[in-house]
Every structure is written in structure tokens, then in C-alpha cells.
Amino acid sequence: MKNIVLIGFMGTGKTSTGRLLAGRLNRPFIDVDKKIEQETGLAISDIFQLYGETHFRQLERDAISRLARYTNTIIATGGGVVLKQENMIRLKNTGVIVSLTASLDTILERTSRRGVRPLLDCEDRAERVAWLFKERACLYMKADYIIDTSCMSPHQVAEKIIVFLREGGHLRGRSQC
Ligand SMILES: Nc1ncnc2c1ncn2[C@@H]1O[C@H](COP(=O)(O)OP(=O)(O)OP(=O)(O)O)[C@@H](O)[C@H]1O
Ligand SMILES: O=C(O)C1=C[C@@H](O)[C@@H](O)[C@H](O)C1
Ligand SMILES: [Mg+2]
């Protein structure tokens with residue numbers, strides 16, 4: 001059984017939706033950010049602060065490389081996983097890629113709730129979100145299925161993914177940028 005891999009910008013709901021989806025499908029769930037935190041014993045924000053983003057991206061790449069051996073698993077990635085093409089090739093080889101998106105306002109609201117996101121820890125969060133989102137937009141489009149989650153609950157998003165898979169949508173070709 002293929003993995004189901006959730007990609008998308010911070011706050012689009014990869015972790016929340018992934019956990020629910022795994023429960024609904026009775027399949028294992030892995031959150032890549034959580035896995036890195038467990039393996040290093042450090043919070044993501046501490047890794048950024050102590051060792052910098054480049055080091056975090058290496059840890060993320062190593063984690064993805066190990067996860068690509070998994071099957072049948074729901075994988076919620078970190079928002080920046082798309083920055084390395086090798087990550088996406090590995091993930092695509094063993095899974096269906098589902099991209100979650102949302103409006104900038106929604107992202108701003110959701111990322112202000114809880115959880116430390118070092119890349120958004122700055123004076124003008126709105127400007128940073130808009131800039132990062134624009135930079136990465138094309139990368140998030142390279143998926144088998146793209147869902148705008150702005151007006152949907154995580155339950156509804158999970159349900160939509162289940163219908164997509166049940167109807168074999170992933171077998172019909174991919175969205176491209
Ligand atoms: N569809 C949704 N509707 C309303 N709130 C949501 C939805 N999806 C997620 N949220 C809320 O938004 C916040 C961020 O969600 P979550 O952590 O799942 O995002 P993420 O994509 O995993 O972000 P990151 O890339 O930073 O890990 C949480 O408070 C979560 O409860
Ligand atoms: O979008 C990003 O670059 C990130 C998203 C988070 O999930 C974490 O992986 C980290 O904060 C970096
Ligand atoms: Mg997450």
C-alpha cells in the first residue's frame with residue numbers, strides 16, 4: 001500500500017488532517033517535524049536557533065530518506081520539505097502526494113494559534129508569510145491532488161482525500177505547475 005504524503009505551507013493543516021486521516025483509514029501516522037524532534041531531542045525552534053536552517057534541512061532530508069522506505073503510512077511533512085527536489089522524488093516514489101493550501105489570511109490566523117514556527121518568528125509576520133508563500137507556490141503545486149482547506153474542517157479535508165483515493169484520482173495523472 002502506498003503512503004499518503006501531505007505537503008503544504010505552514011498552517012494548511014498537514015498535521016491535524018494527517019492524524020485524522022490515519023485514524024479514519026486505520027493506518028500508521030508519522031509527522032516529520034515530530035520525528036525530527038524525537039530523534040534529536042530538540043524542538044524545531046531550538047534546532048533553528050542553535051544550528052541554523054541549513055542544518056535543519058539536512059536533518060529533514062535524512063528523515064525523509066528513511067521514511068521513504070515505509071509503506072501504508074500517512075506522512076505529514078514540514079512546510080519546507082518541497083525545497084529539496086530529492087525529498088519530493090523520494091516521497092513520490094512511495095506515495096500519493098496531496099497538497100494542502102489555504103488563503104493567506106487563513107494561514108496567518110492558524111499560525112498565530114500555537115506551535116513555534118521559527119521562520120515566522122519576526123516583526124512583520126504577514127509580510128513574511130506572503131513572501132514565503134509566493135516563493136514556494138509553484139513547488140506546492142507538484143502534487144497528485146490539491147485541496148484548498150480555507151473553508152473546510154480537518155475532518156472534511158480528510159474525507160475529501162478518502163473520496164479522491166477511493167475514486168482512483170491518483171491514478172489519473174498529476175497536477176503540475
Ligand atoms: N482545516 C482546518 N480548519 C481549521 N483549523 C485548522 C484546519 N487545519 C488545521 N487547523 C488548525 O491550524 C493550526 C495549524 O494546523 P497544523 O499544525 O495541522 O498545520 P501544519 O500544516 O501541520 O503546519 P506546519 O507546517 O507548521 O507543521 C492548528 O491550530 C490546527 O488546529
Ligand atoms: O515551512 C517551513 O519551512 C517549516 C515548516 C515547519 O513545518 C517546520 O518544518 C519548520 O518550522 C520549517
Ligand atoms: Mg505540521
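The numbers here are math on the coordinates, done by the rules we state, and not lab data. Everything numeric in this text was worked out from a predicted model, so none of it was measured. When we count neighbours, we look across all protein chains shown, and the Cβ atoms used for this are built from the backbone with ideal geometry, even at glycine.
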Gain in span if fully extended, Asp124 to Thr40, counting 0.36 nm per residue against the direct Cα distance:
27.2 nm
When the dipole is taken about the Cα centre of the chain, and only Lys, Arg (+1) and Asp, Glu (-1) are charged at their Cβ, what size is it in debye, to the nearest 20?
740
Kirkwood hydrodynamic radius (C-alpha pairs) into Stokes-Einstein, the chain, 20 °C and 1.002 mPa s, D in µm²/s
131
In the chain, which longest range has no trypsin sites (Lys or Arg not before Pro) that are both DSSP loop (not H, G, I, E or B) and surrounded by at most 11 other Cβ atoms within 10 Å?
1-68
Rank His170, Met152, Ile75 by how far each Cα sits towards the positive end of the charge dipole of segment 3-171 (+1 on Lys, Arg Cβ; -1 on Asp, Glu Cβ) and give me just the farthest.
His170
Tell me, what is the FRET efficiency for Ser65 and Val163 to the nearest 0.05, using R0 = 22 angstrom and their Cβ-Cβ distance as r?
0.10
Thr54 and Met141 label points (each 7 Å along its Cα→Cβ direction) are spaced in nm at 3.1
Under 15 Å from the 7 Å Cα→Cβ point of Lys2, by amide nitrogen: which residues of segment 90-126?
90-99
With loop defined by DSSP as not H, G, I, E or B, and exposure as at most 13 other Cβ atoms within 10 Å, which is the longest segment of the chain clear of exposed GluC sites (Glu not before Pro)?
1-122
Can you give the relative contact order of the chain as a percent, counting alpha carbon pairs under 8 Å and 6+ residues apart?
32
Sum -39500 (n - 2.57) across every DSSP H segment of at least 4 residues in the chain, then divide by the residue count to get the 222 nm mean residue ellipticity, nearest 500.
-15500 deg cm²/dmol
Once the dipole of the chain is set up with Lys and Arg at +1 and Asp and Glu at -1 on Cβ about the Cα centre, which of Leu6, Ala43, Asn26 lies farthest towards its positive end?
Asn26
